[in-house]
Amino acid sequence: MSQKAMWMVRAGEGGFRFEEFKTESLVSIGWHEVGDMTRLKTRADFTRAMEQHLAGAKAGQVAASAGQTYRFVREIGLGDRVVSYDRSERIYLVGEVIGDYEYRPEGSAEHPNIRRVRWLGQVARDALSVSARNSLGSISTLFLIAAPVAAEIESLLMGAEGTGRSPSKILVAESPVAVDDLYKDVQSKGFEFIKDRVSALDWEEMQELVAGLLRAMGYKTRISPSGSDRGKDIVASPDGLGFEDPRIVVEVKHRGASMGSHEIRSFLGGRHDNDKGLYVSTGGFTKDARYEAERGRIPVTLMDLDDLVKSLLEHYEKLDVEMQRLIPLRKVYWPA
């Protein structure tokens, strides 16, 4: 027997509609501004409706809203499985769609778009594998559950029904390796998103960020005015004037191209014997540039985008408020 599609439909922000879902045998979504969606036939119709009724929304938000409402109204079929999550009880309610799309503002003004459901049972979150739990963690209001995860949910549901045991008693052994792999995946994605944010800064903001990073490390900084900087953008030193050692001279290049040996030689050419050099290039460095830096007459550190973001994360809590506003980050806690 071919497996039916399985959809996650979240019960509103924080799951506040879960009890209504359960007792009234339905699932619902918001987007009440659009009104009755029966008139909307194609995905393009839904997109135009979102553009019209979600004033000021970004293009990505419009596309996501159009996609989710289109799926709720037009793609979910009779007999499809539907799942919703209760955060307080840590259970997934599993049901079968038994009704076409309805517009019922009298039931809920904020969630007037409904589909009738026959609930079949529930599956405890702790009974699912780590990979399944990760897959179900999307913040989207509505999404199609991957076939392997849907099969796992069906298996747990049928197993509980066949044995008379509560799904909450069926536990899958926790895999530390799987949790660790998931952490590494989230960490890697977070690092890349931060790189995206830093890369999107303009040149002056990038210069300010590098100066702010040096201040977080305990230096005082002086930024060169716009125009000819004679090979330096920032001077960092204990006194802020460059009289006390170490005096760090910084060049910032914010562009896509890699810096070559010529740029490094030019940077080193005007330095004093006691200077220390820091060359920041978000486009990276060629092999010859790194060789040139290694044999330079003064110590010079080359910092590419990866190095810059690693230093930013290491010293983020010591950054001044202006720099944290420039790159706003949130701390995420993870079980050790």
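Computed values, structure above
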{"read-out": "Candidates ALA150, ALA127, ALA57, ranked by Gaussian network fluctuation over the chain, Cα under 10 Å, top entry", "value": "ALA57"}
{"read-out": "Cα-Cα over 25 Å, subset of LYS41/LYS189; LYS253/LYS310; LYS184/LYS331; LYS189/LYS310", "value": "LYS41/LYS189"}
{"read-out": "Local net charge near GLY107, Cβ-Cβ under 11 Å (Lys/Arg +1, Asp/Glu -1)", "value": "-3"}
{"read-out": "Surrounding net charge for GLU96, when Lys and Arg each add one and Asp and Glu each subtract one, Cβ distance under 13 Å", "value": "+3"}
{"read-out": "For MET206, net neighbour charge (Lys/Arg +1, Asp/Glu -1) across residues whose Cβ lies under 11 Å away", "value": "-3"}
{"read-out": "Dipole magnitude (debye, nearest 20) for the chain, charges at Cβ of Lys, Arg, Asp, Glu", "value": "340"}
{"read-out": "Gaussian network model of the chain, springs between alpha carbon atoms under 10 Å - residue of GLY283, GLY30, GLY60 with greatest fluctuation", "value": "GLY60"}
{"read-out": "Protection-proxy order for peptides 130-143, 314-327, each taking the mean of Cβ atoms within 10 Å per residue, highest first", "value": "130-143, 314-327"}
{"read-out": "Within a Gaussian network of the chain (alpha carbon springs, distance under 10 Å), most fluctuating of SER28, SER188, SER88", "value": "SER88"}
{"read-out": "Scaled radius of gyration (Cα, divided by 2.2 N^0.38 Å) that the chain gives", "value": "1.39"}
{"read-out": "Principal-axis tilt of helix 305-315 within the chain, Cα atoms, nearest 10 degrees", "value": "80"}
{"read-out": "Antiparallel bridges, percent of DSSP beta bridges restricted to the chain (to nearest 5)", "value": "65"}
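Bear in mind these aren't lab numbers, they're just calculated from the coordinates by the rules spelled out. All values derive from a computational prediction rather than experimental measurement. Here Cβ is always computed from backbone atoms with ideal geometry, including for glycine, and neighbour counts include all displayed protein chains.
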